[in-house]
Structure formats: C-alpha cells, structure tokens
1. Considering only segment 90-126, how many residues are more than 14 Å from C186 (Cβ to Cβ) and either among the polar types (S, T, N, Q) or in contact with a Cys (Cβ under 6 Å, 6 or more places away or on another chain) (or both)?
2. Looking at A195, A201, which is the one that is small (G, A, S), within 17 Å of G219 (Cβ to Cβ) and outside the structural domain of G99 (by TED's automatic domain parsing)?
3. So how many residues does segment 44-91 have that are surrounded by fewer than 19 Cβ atoms within 10 Å (Cβ to Cβ), within 18 Å of W24 (Cβ to Cβ) and in contact (Cβ under 8 Å) with a residue 60 or more places away in the chain?
4. Against the condition within 21 Å of W183 (Cβ to Cβ) and in the same structural domain as V121 (by TED's automatic domain parsing), how does P39 come out, does it pass?
5. Please pick out the residue among G138, G89, G109, G96 that is small (G, A, S) and in contact with a Leu (Cβ under 8 Å, 6 or more places away or on another chain).
6. Condition first: exposed (fewer than 15 other Cβ atoms within 10 Å of the Cβ) and aromatic (F, W, Y). Can you find one or more residues in segment 147-168 that meet it?
7. At least 2 residues that are touching a residue at least 40 places away in the same chain (Cβ under 8 Å) and under 15 Å from I141 (Cβ atoms) in each: list the helices (runs of 4 or more DSSP H) lying fully within segment 165-262 that qualify.
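The values are calculated or read from the model by the stated rules, or taken from the named source; none is laboratory data. Please read all numbers here as calculations on a predicted model, not as lab measurements. We place every Cβ from the backbone using ideal geometry, glycine too, and count neighbours over all the protein chains shown.
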Amino acid sequence: MPGPDIELLVQAAQDAGQIARRYWRREPATWEKDDGAGPVTEADLAVNDFLIGRLLGARPDYGWLSEESPDNPARLDAAHCFIIDPIDGTRAFIDGQEGFSHSLAVAEGDRITAAVVHLPVMGLTYAATADGPATLNGDPIHVSDATLPGADVLATKSVLDPAFWKDGRPPEFRRHFRPSLAWRLCLVAEGRFDATLSLRAAWEWDIAAGSLIAERAGGVVTDMHGAPMRFNTAQAWGDGMVIAGPALHGQIMAGLKLPPRR
C-alpha cells in the first residue's frame, strides 16, 4: 500500500531541493517564456522532470498541473491532481537569492488535501494536510492575531492603488515583499507577517500548497472577493487572494472596492 500523500510530497520536495541547489548561483541557462510569462531556467525544467517521475510514478492515476508542463485537460476528470510549481520565485533563483521554494500540493476534487512548501537553501519545510496542523520543520505554526492599523502585509506595490479601496486609500498597514508567492502564504501561516493579498489573478501552482498551510494555521483563506478558493479548475487560476487571521481578514475585506468577479 502507498504511504500518505504528505509523506510523498515532503520527500519529493526535499529531493527537488538538492537538484535545484546544483544550479543555484552557477549561472543556469535562462530564457523568457512566450507571451511575457516570465523567465524560466534549466533548473525549473530539471526539477519539473524529476517531480513528474517521482510523483506520477507513485500515483499514476493522479492528474498533473505544473507551471512548467503543457496542460492536459485529462486532469479535470481525475479524482486527485498534483498542483506543482517546481521553482516558485524563479527571478530570485536567477539572482542567487535564497528565497525561492518548491510548492507541491494534492487536490481532491477542487480542494487541497496535502501541501508542502520547501525552501532548500534556508532549510525550511512547511507542510499541512486537510485534517492536521500546519507545521514548519515538524513544529506547529499559527497565524498572528494582528489587526489594523499597523499590520505587516506581504504584497506587491499594486495593492496600494487607491482604485482598490473604498475611501480612495489603502488601510494603514506596512507593506513588505518576498519573491516566492508560496513562501508569502507560509510566512503568514507562521505568524511572521500578518496578511498577504493579491488583487489580480493568481496561478493555482503559486498558491495551492500555501493556501492549505495558511488555512490549517488558523488563517482565513479566500479569493479577493471573499469566496473560498477552488483548485484544479479549467483556467488554472484564481481571482486574487486575501489571507490573514480572522479579524484582520474581515478588516481588509471591508475596505476593498473591487470590480465584478471574472
């Protein structure tokens, strides 16, 4: 009998980290994807190939959704689906920064049931299952109970656009940034930051694993309209995100002025 999905994901993520480190700070071949989709390196593809072999080799009946693989619509009919970002924070990886991660998740239907975000250079492994605690290197973690004003929020500069806020200005929070979107969700789960938000479409492979980790750490995890996140969708993206402790999440949602749902 195969072991639990979470055990498979943890080991695969840690082994992927060993592959990525062979290329890190060694000037890997790099090129731009089509349609302005950003950079990719030979390390991204090497990790992706490894994960295909490791994960689908262990679960051949699971679907597959990865940033670095052509999409196969057959995943929509699978009872379970891997949702993978081989290297999240590729620009940071290219620049030799430590803050890149491997983001691995399993969806059952449209919900995430197992999740791992691993930062190999920093030695951090975040994990969660749908019925267990969120952990960092095996120890339980929990979101903060911060509220506005003065919360520390991970986000891009675009969230400060007055057009997104009912009174024409964002709430009084301190904005911070980290290169890996998956890691941002985990930093909120850990309580090191109080919230993270994105007011534009978010690819599923960037947020699938971190969303479950933040949820199991006590966070409220929604799209930018306040609806529950759904995964393994046909478009493979969600309508933004707002992730924070319960009180702060409510305060952020109360201040947002958003266009209709897409």
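1. So the count comes out to 4.
2. Numbers: A201 fails: within 17 Å of G219 (Cβ to Cβ).
Just one listed residue meets the conditions, A195.
3. 1
4. Working: within 21 Å of W183 (Cβ to Cβ): yes; in the same structural domain as V121 (by TED's automatic domain parsing): yes.
Yes, satisfied.
5. Details: G138 fails: in contact with a Leu (Cβ under 8 Å, 6 or more places away or on another chain); G109 fails: in contact with a Leu (Cβ under 8 Å, 6 or more places away or on another chain); G96 fails: in contact with a Leu (Cβ under 8 Å, 6 or more places away or on another chain).
Result: G89 is the single residue among G138, G89, G109, G96 that is small (G, A, S) and in contact with a Leu (Cβ under 8 Å, 6 or more places away or on another chain).
6. Checked against the condition, which is being exposed (fewer than 15 other Cβ atoms within 10 Å of the Cβ) and aromatic (F, W, Y), segment 147-168 yields no hits at all.
7. Details: elements: 181-190, 204-216, 246-255.
It comes to 181-190, 204-216.
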